[in-house]
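These notes concern the structure reproduced below.
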Amino acid sequence: MRFVKGLALACVLAGLLATVGVAKLSGELEIFSWWAGDEGPALEALIDLYTGMFPDVEVINATVTGGSGVNAKAVLKTRMLGGDVPDSFQVHAGQELIGTWVVADRMEDLTFLYEQEGWLDLFPSDLIGLLGTEDGIWSVPVNIHRSNVNWYIPANLTAWGVEVPTSWDEFLAIAPTLEAQGIVPLALAQNWTVNHLWESVAVAVLGADKYAQLWDGTLAFNSADGIAVWEMLDRILVYTNADASSLSWQQATDMVVNGQAAFNIMGDWAAGYLTTTLGLTPNVDYGWAASPGTDGIFIALSDSFGLPKGAPNRDNCLAWLRLLGSQDGQDAFNPLKGSIAARVDSDLTKYNVYGQSAAADWKSDTIAGSLAHGFAANEGFMNDFATVMEIFLAGRDPVQAANAAAAIAAQNGI
Ligand code: GAL
(Lines give C-alpha, C1' and ligand atoms only; values in the text may rest on other atoms or scores of the structure.)
Protein backbone atom coordinates (compact mmCIF):
# COMPACT_ATOMS: atom_id res chain seq x y z
CA MET A 1 0.00 0.00 0.00
CA ARG A 2 2.77 2.38 1.04
CA PHE A 3 4.70 1.37 -2.11
CA VAL A 4 1.66 2.10 -4.31
CA LYS A 5 1.22 5.49 -2.64
CA GLY A 6 4.93 6.23 -3.17
CA LEU A 7 4.69 5.18 -6.79
CA ALA A 8 1.64 7.39 -7.36
CA LEU A 9 3.46 10.36 -5.79
CA ALA A 10 6.50 9.68 -7.98
CA CYS A 11 4.31 9.70 -11.13
CA VAL A 12 2.63 12.95 -10.13
CA LEU A 13 6.03 14.47 -9.38
CA ALA A 14 7.42 13.44 -12.75
CA GLY A 15 4.45 15.07 -14.47
CA LEU A 16 4.75 18.18 -12.37
CA LEU A 17 8.45 18.59 -12.98
CA ALA A 18 7.66 18.56 -16.67
CA THR A 19 5.05 21.34 -16.30
CA VAL A 20 6.22 23.36 -13.31
CA GLY A 21 9.88 23.26 -14.24
CA VAL A 22 13.14 21.84 -12.99
CA ALA A 23 14.78 24.98 -11.62
CA LYS A 24 17.11 24.27 -8.72
CA LEU A 25 15.75 26.13 -5.77
CA SER A 26 16.95 26.41 -2.19
CA GLY A 27 16.35 28.46 0.93
CA GLU A 28 12.92 28.80 2.49
CA LEU A 29 9.29 29.22 1.49
CA GLU A 30 6.89 30.55 4.10
CA ILE A 31 3.22 29.92 3.36
CA PHE A 32 0.72 31.69 5.60
CA SER A 33 -2.84 30.38 5.99
CA TRP A 34 -5.56 29.38 8.47
CA TRP A 35 -5.52 25.74 7.40
CA ALA A 36 -4.32 24.44 10.74
CA GLY A 37 -4.94 21.11 12.49
CA ASP A 38 -7.76 19.14 10.93
CA GLU A 39 -8.10 21.76 8.19
CA GLY A 40 -4.52 20.97 7.17
CA PRO A 41 -4.34 17.72 5.14
CA ALA A 42 -5.04 19.24 1.71
CA LEU A 43 -2.42 21.95 2.16
CA GLU A 44 0.03 19.36 3.48
CA ALA A 45 -0.51 17.25 0.33
CA LEU A 46 0.46 20.26 -1.79
CA ILE A 47 3.49 20.93 0.38
CA ASP A 48 4.55 17.28 -0.02
CA LEU A 49 4.43 17.72 -3.78
CA TYR A 50 6.47 20.92 -3.51
CA THR A 51 9.18 19.41 -1.32
CA GLY A 52 9.27 16.37 -3.63
CA MET A 53 10.13 18.72 -6.49
CA PHE A 54 12.34 21.10 -4.55
CA PRO A 55 13.92 19.08 -1.73
CA ASP A 56 16.40 21.84 -0.90
CA VAL A 57 13.67 24.34 -0.04
CA GLU A 58 12.55 24.33 3.58
CA VAL A 59 8.81 24.97 3.63
CA ILE A 60 7.53 26.85 6.66
CA ASN A 61 3.82 26.10 7.01
CA ALA A 62 2.76 29.12 9.06
CA THR A 63 -0.84 28.61 10.16
CA VAL A 64 -3.06 30.58 12.51
CA THR A 65 -6.01 28.49 13.57
CA GLY A 66 -9.60 29.78 13.34
CA GLY A 67 -12.27 29.06 10.73
CA SER A 68 -12.70 31.52 7.87
CA GLY A 69 -9.48 33.25 8.89
CA VAL A 70 -10.99 35.08 11.86
CA ASN A 71 -7.62 35.15 13.62
CA ALA A 72 -5.25 34.72 10.68
CA LYS A 73 -6.32 37.88 8.87
CA ALA A 74 -5.50 40.05 11.89
CA VAL A 75 -2.09 38.41 12.32
CA LEU A 76 -1.39 38.83 8.60
CA LYS A 77 -2.22 42.53 8.81
CA THR A 78 0.20 43.00 11.71
CA ARG A 79 2.93 41.16 9.86
CA MET A 80 2.43 42.98 6.55
CA LEU A 81 2.33 46.39 8.20
CA GLY A 82 5.37 45.50 10.32
CA GLY A 83 7.43 44.49 7.28
CA ASP A 84 7.44 40.78 8.22
CA VAL A 85 6.03 39.66 4.86
CA PRO A 86 5.39 35.93 4.29
CA ASP A 87 6.33 34.57 0.87
CA SER A 88 2.70 33.79 0.09
CA PHE A 89 -0.59 33.97 1.95
CA GLN A 90 -4.13 32.65 1.68
CA VAL A 91 -6.67 35.25 0.64
CA HIS A 92 -10.18 34.93 -0.78
CA ALA A 93 -10.74 35.86 -4.39
CA GLY A 94 -12.87 38.96 -4.71
CA GLN A 95 -13.10 42.07 -2.64
CA GLU A 96 -11.11 40.60 0.26
CA LEU A 97 -8.02 40.62 -1.96
CA ILE A 98 -8.72 43.59 -4.20
CA GLY A 99 -10.08 45.91 -1.51
CA THR A 100 -7.15 45.37 0.84
CA TRP A 101 -3.71 44.34 -0.34
CA VAL A 102 -4.16 45.31 -3.98
CA VAL A 103 -5.50 48.77 -3.15
CA ALA A 104 -2.60 49.19 -0.75
CA ASP A 105 -0.19 48.30 -3.60
CA ARG A 106 1.29 45.39 -1.65
CA MET A 107 0.94 42.64 -4.30
CA GLU A 108 2.91 41.81 -7.43
CA ASP A 109 1.02 41.59 -10.71
CA LEU A 110 0.96 37.93 -11.79
CA THR A 111 -0.29 38.45 -15.35
CA PHE A 112 3.06 37.19 -16.68
CA LEU A 113 2.58 33.91 -14.80
CA TYR A 114 -0.95 33.51 -16.22
CA GLU A 115 0.47 34.03 -19.70
CA GLN A 116 3.39 31.63 -19.20
CA GLU A 117 1.17 28.87 -17.79
CA GLY A 118 -1.73 29.32 -20.21
CA TRP A 119 -4.01 30.05 -17.24
CA LEU A 120 -5.96 32.75 -19.05
CA ASP A 121 -7.73 29.87 -20.82
CA LEU A 122 -7.59 27.34 -17.99
CA PHE A 123 -9.37 29.32 -15.26
CA PRO A 124 -12.94 30.60 -15.76
CA SER A 125 -12.82 34.17 -17.03
CA ASP A 126 -15.32 35.32 -14.37
CA LEU A 127 -12.99 34.04 -11.69
CA ILE A 128 -9.96 35.76 -13.25
CA GLY A 129 -12.10 38.90 -13.23
CA LEU A 130 -12.45 38.59 -9.45
CA LEU A 131 -8.70 38.18 -9.03
CA GLY A 132 -7.84 41.08 -11.25
CA THR A 133 -8.21 44.79 -11.80
CA GLU A 134 -7.40 46.78 -14.90
CA ASP A 135 -3.83 46.94 -13.59
CA GLY A 136 -3.16 43.22 -13.21
CA ILE A 137 -4.05 39.78 -11.87
CA TRP A 138 -3.17 39.50 -8.22
CA SER A 139 -3.38 35.90 -7.06
CA VAL A 140 -3.76 32.26 -8.14
CA PRO A 141 -6.96 30.41 -7.16
CA VAL A 142 -6.49 26.93 -5.74
CA ASN A 143 -10.17 25.96 -5.48
CA ILE A 144 -13.86 26.72 -5.60
CA HIS A 145 -15.79 26.12 -2.39
CA ARG A 146 -19.56 26.11 -2.07
CA SER A 147 -20.98 27.91 0.95
CA ASN A 148 -24.70 26.95 0.84
CA VAL A 149 -24.68 23.30 1.80
CA ASN A 150 -26.90 21.56 4.35
CA TRP A 151 -25.19 18.52 5.97
CA TYR A 152 -27.03 15.68 7.68
CA ILE A 153 -26.88 11.97 8.54
CA PRO A 154 -29.53 10.12 6.45
CA ALA A 155 -30.08 7.29 8.96
CA ASN A 156 -30.71 9.80 11.76
CA LEU A 157 -33.31 11.71 9.77
CA THR A 158 -35.12 8.43 9.08
CA ALA A 159 -35.04 7.51 12.77
CA TRP A 160 -36.38 10.94 13.73
CA GLY A 161 -39.09 10.85 11.07
CA VAL A 162 -38.08 14.00 9.17
CA GLU A 163 -36.98 14.79 5.64
CA VAL A 164 -34.41 17.25 4.34
CA PRO A 165 -36.17 20.63 4.18
CA THR A 166 -36.22 22.29 0.76
CA SER A 167 -37.28 25.68 2.16
CA TRP A 168 -36.85 27.48 5.48
CA ASP A 169 -40.60 27.24 6.03
CA GLU A 170 -40.28 23.47 5.81
CA PHE A 171 -37.38 23.61 8.26
CA LEU A 172 -39.47 25.67 10.69
CA ALA A 173 -42.30 23.14 10.33
CA ILE A 174 -40.17 20.10 11.25
CA ALA A 175 -37.98 21.80 13.88
CA PRO A 176 -40.49 21.29 16.76
CA THR A 177 -40.65 17.55 15.92
CA LEU A 178 -36.89 17.36 16.30
CA GLU A 179 -36.83 19.42 19.48
CA ALA A 180 -39.50 17.19 21.01
CA GLN A 181 -37.03 14.31 20.61
CA GLY A 182 -34.23 16.26 22.27
CA ILE A 183 -32.48 17.01 18.96
CA VAL A 184 -31.07 20.44 18.09
CA PRO A 185 -32.62 21.20 14.67
CA LEU A 186 -29.71 23.31 13.37
CA ALA A 187 -26.15 23.17 14.75
CA LEU A 188 -24.37 26.51 14.85
CA ALA A 189 -20.87 27.59 15.91
CA GLN A 190 -19.03 30.85 16.64
CA ASN A 191 -20.25 34.14 15.20
CA TRP A 192 -18.68 33.96 11.73
CA THR A 193 -20.82 30.87 11.11
CA VAL A 194 -23.91 33.01 11.72
CA ASN A 195 -22.69 35.39 8.99
CA HIS A 196 -22.26 32.27 6.90
CA LEU A 197 -25.83 31.20 7.68
CA TRP A 198 -27.06 34.74 6.94
CA GLU A 199 -25.88 34.58 3.31
CA SER A 200 -27.70 31.27 2.74
CA VAL A 201 -30.85 32.72 4.28
CA ALA A 202 -30.47 35.90 2.25
CA VAL A 203 -30.21 33.99 -1.02
CA ALA A 204 -33.23 31.86 -0.03
CA VAL A 205 -35.37 34.88 0.89
CA LEU A 206 -34.26 37.19 -1.93
CA GLY A 207 -33.31 34.85 -4.79
CA ALA A 208 -30.00 35.19 -6.64
CA ASP A 209 -30.87 38.37 -8.55
CA LYS A 210 -31.95 40.47 -5.59
CA TYR A 211 -29.09 39.10 -3.49
CA ALA A 212 -26.70 40.40 -6.17
CA GLN A 213 -28.48 43.76 -6.04
CA LEU A 214 -27.48 44.12 -2.40
CA TRP A 215 -23.85 44.20 -3.52
CA ASP A 216 -24.24 46.50 -6.51
CA GLY A 217 -26.17 48.93 -4.35
CA THR A 218 -29.51 48.71 -6.17
CA LEU A 219 -31.37 46.95 -3.33
CA ALA A 220 -31.20 48.68 0.04
CA PHE A 221 -30.28 46.53 3.03
CA ASN A 222 -33.16 48.15 4.92
CA SER A 223 -35.75 47.66 2.17
CA ALA A 224 -38.72 45.41 2.98
CA ASP A 225 -36.80 42.56 1.30
CA GLY A 226 -33.69 43.32 3.31
CA ILE A 227 -35.64 43.31 6.58
CA ALA A 228 -37.29 40.00 5.63
CA VAL A 229 -33.87 38.31 5.61
CA TRP A 230 -33.22 39.28 9.23
CA GLU A 231 -36.75 38.27 10.21
CA MET A 232 -36.25 34.82 8.77
CA LEU A 233 -32.83 34.50 10.43
CA ASP A 234 -34.46 35.44 13.73
CA ARG A 235 -37.01 32.63 13.38
CA ILE A 236 -34.33 30.08 12.44
CA LEU A 237 -32.03 30.98 15.33
CA VAL A 238 -34.72 29.83 17.78
CA TYR A 239 -33.83 26.29 16.74
CA THR A 240 -30.05 26.44 17.20
CA ASN A 241 -27.81 25.39 20.11
CA ALA A 242 -27.35 27.85 22.98
CA ASP A 243 -23.58 27.25 23.23
CA ALA A 244 -22.94 28.16 19.56
CA SER A 245 -20.59 31.07 20.26
CA SER A 246 -18.10 28.78 22.03
CA LEU A 247 -17.91 26.15 19.26
CA SER A 248 -15.61 25.85 16.24
CA TRP A 249 -17.25 25.01 12.92
CA GLN A 250 -15.92 21.46 13.25
CA GLN A 251 -17.64 21.08 16.62
CA ALA A 252 -20.96 22.13 15.06
CA THR A 253 -20.42 19.51 12.34
CA ASP A 254 -19.61 16.99 15.09
CA MET A 255 -23.03 17.66 16.64
CA VAL A 256 -24.62 16.39 13.43
CA VAL A 257 -22.28 13.38 13.23
CA ASN A 258 -22.91 12.48 16.88
CA GLY A 259 -26.67 12.67 16.49
CA GLN A 260 -27.10 15.71 18.75
CA ALA A 261 -28.26 17.91 15.87
CA ALA A 262 -30.13 17.29 12.63
CA PHE A 263 -28.60 19.82 10.21
CA ASN A 264 -25.67 22.16 9.78
CA ILE A 265 -25.27 24.82 7.09
CA MET A 266 -21.59 24.97 6.29
CA GLY A 267 -19.28 25.31 3.32
CA ASP A 268 -18.04 22.17 1.68
CA TRP A 269 -14.81 22.22 3.67
CA ALA A 270 -17.16 20.20 5.89
CA ALA A 271 -17.02 17.46 3.24
CA GLY A 272 -13.24 17.52 3.61
CA TYR A 273 -13.57 17.27 7.38
CA LEU A 274 -16.20 14.50 7.24
CA THR A 275 -14.28 12.37 4.76
CA THR A 276 -10.58 13.22 5.07
CA THR A 277 -10.52 13.73 8.84
CA LEU A 278 -13.39 11.59 10.15
CA GLY A 279 -13.20 8.89 7.45
CA LEU A 280 -16.92 9.00 6.58
CA THR A 281 -18.25 8.05 3.16
CA PRO A 282 -20.33 10.65 1.30
CA ASN A 283 -23.84 9.52 0.35
CA VAL A 284 -23.56 6.62 2.80
CA ASP A 285 -22.52 7.94 6.20
CA TYR A 286 -23.53 11.52 5.51
CA GLY A 287 -25.75 13.35 3.06
CA TRP A 288 -26.00 16.90 1.76
CA ALA A 289 -28.37 19.21 -0.06
CA ALA A 290 -28.41 22.84 -1.08
CA SER A 291 -29.29 24.90 2.00
CA PRO A 292 -33.08 25.35 2.20
CA GLY A 293 -34.51 27.50 -0.59
CA THR A 294 -31.27 27.70 -2.60
CA ASP A 295 -31.52 24.70 -4.92
CA GLY A 296 -29.99 25.63 -8.28
CA ILE A 297 -27.90 28.43 -6.75
CA PHE A 298 -24.22 27.96 -5.89
CA ILE A 299 -22.88 30.47 -3.37
CA ALA A 300 -19.22 30.46 -4.32
CA LEU A 301 -15.90 31.47 -2.87
CA SER A 302 -12.34 30.76 -3.82
CA ASP A 303 -9.13 30.48 -1.82
CA SER A 304 -6.15 31.96 -3.55
CA PHE A 305 -2.47 32.73 -2.95
CA GLY A 306 -0.47 35.66 -4.24
CA LEU A 307 3.02 37.10 -4.24
CA PRO A 308 3.35 40.02 -1.83
CA LYS A 309 5.83 42.73 -2.73
CA GLY A 310 8.99 42.19 -0.70
CA ALA A 311 8.49 38.43 -0.32
CA PRO A 312 11.86 37.17 0.95
CA ASN A 313 11.90 34.11 -1.35
CA ARG A 314 10.31 35.29 -4.57
CA ASP A 315 11.49 32.46 -6.85
CA ASN A 316 10.38 29.82 -4.36
CA CYS A 317 7.00 31.50 -4.18
CA LEU A 318 6.64 31.58 -7.96
CA ALA A 319 7.31 27.82 -8.03
CA TRP A 320 4.65 27.42 -5.31
CA LEU A 321 2.14 29.41 -7.32
CA ARG A 322 2.91 27.39 -10.45
CA LEU A 323 2.29 24.21 -8.49
CA LEU A 324 -1.01 25.28 -6.96
CA GLY A 325 -2.26 26.52 -10.31
CA SER A 326 -1.29 23.27 -12.07
CA GLN A 327 -3.76 20.51 -12.84
CA ASP A 328 -1.88 17.99 -10.70
CA GLY A 329 -1.60 20.44 -7.83
CA GLN A 330 -5.30 21.28 -7.89
CA ASP A 331 -6.33 17.65 -8.21
CA ALA A 332 -4.11 16.67 -5.27
CA PHE A 333 -5.45 19.45 -3.04
CA ASN A 334 -9.17 19.62 -3.72
CA PRO A 335 -10.31 16.00 -3.28
CA LEU A 336 -8.94 16.21 0.27
CA LYS A 337 -10.27 19.72 0.92
CA GLY A 338 -13.89 19.11 -0.12
CA SER A 339 -13.67 21.81 -2.80
CA ILE A 340 -13.42 21.49 -6.56
CA ALA A 341 -10.60 22.69 -8.78
CA ALA A 342 -10.73 26.24 -10.05
CA ARG A 343 -9.24 25.02 -13.35
CA VAL A 344 -11.64 23.95 -16.03
CA ASP A 345 -9.66 20.80 -16.95
CA SER A 346 -9.77 19.02 -13.60
CA ASP A 347 -9.75 15.18 -13.59
CA LEU A 348 -13.05 14.39 -11.87
CA THR A 349 -12.20 10.70 -11.48
CA LYS A 350 -9.99 11.82 -8.59
CA TYR A 351 -12.98 13.23 -6.68
CA ASN A 352 -15.55 11.44 -4.56
CA VAL A 353 -19.28 11.57 -5.19
CA TYR A 354 -19.64 14.83 -3.26
CA GLY A 355 -16.91 16.58 -5.29
CA GLN A 356 -18.36 15.28 -8.54
CA SER A 357 -21.81 16.60 -7.64
CA ALA A 358 -20.38 20.00 -6.67
CA ALA A 359 -18.51 20.14 -10.00
CA ALA A 360 -21.75 19.43 -11.86
CA ASP A 361 -23.63 22.10 -9.86
CA TRP A 362 -20.83 24.64 -10.45
CA LYS A 363 -21.43 24.19 -14.18
CA SER A 364 -25.22 24.31 -14.17
CA ASP A 365 -26.23 26.51 -11.20
CA THR A 366 -26.64 30.26 -10.92
CA ILE A 367 -23.55 31.59 -9.14
CA ALA A 368 -23.85 33.96 -6.17
CA GLY A 369 -20.90 35.44 -4.25
CA SER A 370 -20.22 34.66 -0.59
CA LEU A 371 -20.19 37.54 1.86
CA ALA A 372 -18.67 35.62 4.78
CA HIS A 373 -15.72 34.49 2.64
CA GLY A 374 -14.59 37.60 0.89
CA PHE A 375 -16.22 37.30 -2.52
CA ALA A 376 -19.06 39.84 -2.35
CA ALA A 377 -17.97 42.79 -0.23
CA ASN A 378 -14.82 44.52 0.95
CA GLU A 379 -13.08 43.82 4.24
CA GLY A 380 -14.41 47.03 5.81
CA PHE A 381 -18.00 45.93 5.24
CA MET A 382 -17.25 42.38 6.40
CA ASN A 383 -15.71 43.60 9.65
CA ASP A 384 -18.58 46.00 10.30
CA PHE A 385 -21.10 43.30 9.38
CA ALA A 386 -19.62 41.07 12.09
CA THR A 387 -20.40 43.83 14.60
CA VAL A 388 -23.93 44.24 13.23
CA MET A 389 -24.39 40.50 13.71
CA GLU A 390 -23.14 40.61 17.29
CA ILE A 391 -25.63 43.35 18.09
CA PHE A 392 -28.39 41.37 16.36
CA LEU A 393 -27.56 38.22 18.30
CA ALA A 394 -27.76 40.19 21.54
CA GLY A 395 -30.96 42.14 20.77
CA ARG A 396 -32.65 40.19 17.95
CA ASP A 397 -34.14 43.29 16.36
CA PRO A 398 -34.46 42.67 12.56
CA VAL A 399 -35.30 46.29 11.66
CA GLN A 400 -32.42 47.66 13.69
CA ALA A 401 -30.04 45.13 12.07
CA ALA A 402 -31.29 45.96 8.57
CA ASN A 403 -30.81 49.69 9.22
CA ALA A 404 -27.33 49.09 10.61
CA ALA A 405 -26.44 46.98 7.55
CA ALA A 406 -27.63 49.82 5.29
CA ALA A 407 -25.49 52.29 7.23
CA ILE A 408 -22.32 50.20 6.98
CA ALA A 409 -22.97 49.59 3.28
CA ALA A 410 -22.99 53.36 2.74
CA GLN A 411 -19.88 53.81 4.88
CA ASN A 412 -17.99 51.14 2.94
CA GLY A 413 -18.91 52.34 -0.53
CA ILE A 414 -21.52 49.70 -1.42
C1 GAL B 1 -13.09 29.63 4.47
C2 GAL B 1 -12.02 29.10 3.54
C3 GAL B 1 -12.11 27.62 3.49
C4 GAL B 1 -12.11 27.02 4.89
C5 GAL B 1 -13.12 27.73 5.78
C6 GAL B 1 -13.15 27.27 7.21
O7 GAL B 1 -13.01 31.02 4.56
O8 GAL B 1 -12.21 29.65 2.28
O9 GAL B 1 -11.06 27.09 2.72
O10 GAL B 1 -10.84 27.08 5.40
O11 GAL B 1 -12.92 29.10 5.75
O12 GAL B 1 -12.03 27.66 7.90
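The values are calculated or read from the model by the stated rules, or taken from the named source; none is laboratory data. Note that the structure is predicted; figures quoted are calculated from it, not measured. Every residue, glycine as well, gets a Cβ built from its backbone with ideal geometry; the counts of neighbours run over all protein chains shown.
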Checked the stretch 239-255 for anything assigned to a loop (DSSP other than H, G, I, E, B) and free of Cβ contacts under 8 Å to residues at least 40 places away in the same chain; matches are A242, D243
Right, A290: away from the ligand (no atom under 16 Å from the Cβ) and aliphatic (A, V, I, L, M) or not?
-> yes
Quickly run through the stretch 32-52 and pick out the residues that are within 11 Å of the ligand (Cβ to nearest atom), surrounded by 15 or more Cβ atoms within 10 Å (Cβ to Cβ) and in contact (Cβ under 8 Å) with a residue 40 or more places away in the chain.
-> S33, W34, W35, E39, A42, L43
Hey, among A212, A228, which residue is at pLDDT 95 or above, within 20 Å of the chain's Cα centre (by Cα) and either assigned to a helix (DSSP H, G or I) or within 16 Å of the ligand (Cβ to nearest atom) (or both)?
-> A212
Only one of (1) assigned to a helix (DSSP H, G or I); (2) crowded, with 22+ Cβ neighbours inside 10 Å does not apply to N195, and that is (2)
Exactly one of A376, A359, A372, A368 is without any contact (Cβ under 8 Å) to a residue 24 or more places away in the chain and either closer than 27 Å to S326 by Cα or not in a helix (DSSP H, G or I) (or both), and that one is A359
Output yes when any residue across the stretch 293-316 is more than 30 Å from G82 (Cβ to Cβ), in contact with a Phe, Trp or Tyr (Cβ under 8 Å, 6 or more places away or on another chain) and away from the ligand (no atom under 16 Å from the Cβ), and no when none is.
-> yes
Assess whether A23 counts as being modelled with pLDDT of 95 or more, more than 14 Å from the ligand (Cβ to nearest atom) and over 22 Å from N334 (Cβ atoms).
-> no
With respect to S339, determine if the residue is touching a His at 6+ places or on another chain (Cβ under 8 Å), under 22 Å from E39 (Cβ atoms) and modelled with pLDDT of 95 or more.
-> yes
